[in-house]
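Enquirer: Questions regarding the structure given below will be posed in turn.
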Amino acid sequence: MGTAAIFGCAGPHLGAAERAFFRQADPWGFILFARNIENAAQVTDLTRALRDSVGRDAPILIDQEGGRVQRLRPPLARAWLPPLDQLHASEAGRAARGMWLRSRIIAAELRALGIDVNCTPVADIAGPRTHPFLKNRCLGETPEEVTANARAAADGLLAGGVLPVLKHLPGHGRGAVDSHLGLPVADASAEDLAREDFVPFAALADLPLAMTAHVLYPALDRDRPATLSSAVIGAIRQKIGFGGLLMSDDISMGALSGGEATRSSAAISAGCDVVLHCNGNLAEMQEVAEAVGQMRPWAAARAEAALAARRDPVPVDMDALEAEFRTILRPAPA
């Protein structure tokens, strides 16, 4: 199954050095960002080139949540409200249906370009302390609301032939710091975490892929954030019950300390199945590949099961889905 990593690439076209590195390292998958996107033909060529570099139908990921975190933009893909804003604008009782429709349409846009994994739903619970970088990306403000909306989003992607990535386990909503820049702390008791934060993730633990949070949970581990903590990943596996492929959040984010190699080996030792490295820096990717090594047998088995969940899209009338979606959103105030 190759190296226990998911890598980005530097630009819209795969360079010779990148191609050679990917061929040798054989990462499990790839991830795209705005820097990799120009037009439909170019993205399709890039996804094909990435798969050709490893000689297999490797998964290709993207963050297409909608709103601020939306790598594909018009005219290549539809523009969407941030998820929480859409939920607030939805007719009573129809929010989950709106999330399913949105996700099913997004899946069609991704599949058309050769992208088959979307890093969503965000099943973190929006609360009074949630940092703005995350808050309007959440799918609700109670465990029950998040569970229903995250399930609808995941089901819409799956129906469209795209695998969802459940994030950020075991819950990022209590973080008052942007984990791209620093380390958030979820200062809650183990009982509160289990009663609130864990609930949506436990309800969606059957999904094939999930992502850790770069968040410190002192009630579970006073020293190490979830991505680097065997105690927190143990809770993800045992208390939450997630049995699928567990990837780190981007290993180069500011929440973590030390070099990429140190972080990456610590994440694998803690129990992450694969390490996500996003910035496309070739020297860093080489360090990560050496640090994580080949996928462990148990991780490879989870990876195989996740890819087996990829399905051909269920045929739908896209015009009808879009028309229904428009009926769910209340008119904006004048």
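Every read-out reported here was derived from the displayed coordinates using simple, explicitly stated rules and does not represent laboratory data. This is a predicted model, so every value here is computed, not measured. Positions of Cβ are generated from backbone atoms using ideal geometry, with glycine treated the same way; all protein chains shown enter the neighbour counts.
Enquirer: With a point put 7 Å past each Cα toward its Cβ, work out how far Ala16 is from Arg78 in nm, to one decimal.
Expert: The two pseudo-label positions are separated by 4.4 nm.
Enquirer: Separate question: To check my understanding: the extent here is largest minus smallest coordinate of the Cα atoms along each principal axis. What are those three numbers for segment 187-283, in Å, largest first?
Expert: Computed over the Cα atoms, the extents are 42, 29, 19 Å.
Enquirer: Beyond 21 Å, how much of the Cα-Cα pair distribution for segment 1-152 remains, as a whole percent?
Expert: Cα-Cα pairs in segment 1-152 separated by more than 21 Å: 49 percent.
Enquirer: Please give the length that would be gained between Arg296 and Arg35 if that part of the chain were fully extended, namely 0.36 nm times their separation in residues minus their C-alpha to C-alpha distance (nm, one decimal).
Expert: 90.8 nm
Enquirer: Among all helices in the chain defined by DSSP H, which have a length of 20 Å or more along the axis from Cα atoms plus a Kyte-Doolittle mean of at least -1.0?
Expert: Membrane-span-like by this criterion, though nothing is claimed about a membrane: 40-54, 95-111, 143-159.
Enquirer: Okay, moving on. Compute for segment 129-196: radius of gyration divided by Kirkwood radius, i.e. Rg/Rh, restricted to C-alpha atoms, rounded to two decimals.
Expert: 1.01
Enquirer: Would you mind checking segment 78-94 for residues with the amide N under 18 Å from a putative spin-label position 7 Å along Cα→C-beta of Glu324?
Expert: In segment 78-94, the label zone of Glu324 (backbone N under 18 Å from the point 7 Å along Cα→Cβ) covers 87, 90-94.
Enquirer: Rg/Rh for the chain: what does it come to with C-alpha atoms and Rh from Kirkwood?
Expert: So for the chain, dividing Rg by the Kirkwood Rh gives 0.95.
Enquirer: Would you mind pulling out the separation of the Cα centroids of segment 249-306 and segment 50-125, in Å?
Expert: Segment 249-306 and segment 50-125 have Cα centres spaced 24 Å from each other.
Enquirer: Kirkwood-based Rg over Rh for segment 73-153 (C-alpha set), two decimals?
Expert: Across segment 73-153, the Cα-based Rg/Rh ratio is 0.98.
Enquirer: Another question, if that's okay. Looking at the calculated P(r) for segment 237-334, what percent of the C-alpha pair distances fall above 20 Å?
Expert: 57 percent
Enquirer: Mind listing which trypsin sites (Lys or Arg not before Pro) in segment 1-74 are in a DSSP loop and have 13 or fewer other Cβ atoms within 10 Å?
Expert: Taking segment 1-74 and a limit of 13 other Cβ atoms within 10 Å, the loop trypsin sites (Lys or Arg not before Pro) found are Arg56, Arg68.
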